[in-house]
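J.: Dropping the structure in here first, questions after.
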Amino acid sequence: MKTNLILASSSPFRQSILKKFNLKFTAFAPDIDETPLAHETAQQLVARLSEQKARTAKQLFTDGLVIGSDQVAVFGDSILGKPHTKANAITQLTQFSGHKVTFLTGLSVYDIATDMAKTVVEPFHVHFRALSSEEIERYIDVEQPLQCAGSFKSEGLGICLFEKLEGDDPNALIGLPLIQLQRLLADFGVNVLMLQHRS
């Protein structure tokens, strides 16, 4: 079965995760407004944005299965997105020190031909160790995680900030839960293992 696989993300991290499936795919950068709606929960936000990102593919492609994903960090009652500035990153990591933060990743697969989408939200919990202000500043200066939800890159030096990680799929923390993705693709008739070529 030949299926065009499309990733609605310009993130090099999501692209590298998707490459683990060993399938050809096209990637593009979706352009959407990511502002939360009034009274929208974190789960509703990432579900809506991941599907919205996937659906923008119909502006560029006529067929294919599109993968959209969005992620936020939830701490207490607050939804935390990308810090964008060093000051915001320091604030986020200072708040997280010694506490648990939940990352919610919305994942959507959209079939352009049938205009059907299926969306799930995958949680992942990060327990931060107690961090000194010097450690926080040094980490931010070295890794510059200003475009990452939660102000860290777990696939890099960010792993040194943690006491423990808790979740069903470590890929979820980087922004693309592959276990859920293969289930969603199966719902659209795509069996990832059966598309592999013998070497």
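J.: Starting from the Cα-Cα distance between Glu137 and Asp115, subtract it from 0.36 nm times their residue separation and give me the gain in nm to one decimal.
T.: Residue separation times 0.36 nm, minus the Cα-Cα distance, leaves 3.3 nm.
J.: Which of Lys19/Lys58; Lys20/Lys58; Lys58/Lys86; Lys19/Lys118 have a Cα-Cα distance over 31 Å?
T.: Checking Cα-Cα distances, Lys58/Lys86 exceed 31 Å.
J.: Within segment 126-199, list the trypsin sites (Lys or Arg not before Pro) lying in a DSSP loop whose Cβ has at most 14 other Cβ atoms in a 10 Å radius.
T.: Answer in residue order: Arg129, Arg198.
J.: Using only the alpha-carbon atoms, how far is helix 133-143 inclined from the longest principal axis of the chain? Give it as 0 to 90 degrees, nearest 10.
T.: Taking Cα atoms only, the helix is inclined about 30 degrees.
J.: Quick check on the chain: what does the Kirkwood estimate of hydrodynamic radius come out to from the alpha carbon pairs, in Å?
T.: 17.5 Å
J.: Can you tell me the 0 to 90 degree angle between the C-alpha axis of helix 86-96 and the longest principal axis of the chain, rounded to 10?
T.: 80 degrees
J.: Return one number: the angle in degrees, 0 to 90 and rounded to the nearest 10, between the long axis of the Cα atoms of helix 178-187 and the longest principal axis of the Cα atoms of the chain.
T.: It works out to around 30 degrees.
J.: Pull out the extension gain between Asp63 and Met194, defined as 0.36 nm times the separation in residues minus the alpha carbon to alpha carbon distance; nm, one decimal.
T.: Roughly 45.1 nm would be gained on extension.
J.: Moving on to the next point. So which trypsin sites (Lys or Arg not before Pro) in segment 25-67 pass both tests, a DSSP loop state and at most 13 other Cβ atoms within 10 Å of the Cβ?
T.: Those that pass, being in a loop and sparsely packed, number zero.
Quick note: the coordinates plus some simple rules give every number you see, no bench work behind them. Quantities reported herein were computed from a predicted structural model and do not represent experimental measurements. When we count neighbours, we look across all protein chains shown, and the Cβ atoms used for this are built from the backbone with ideal geometry, even at glycine.
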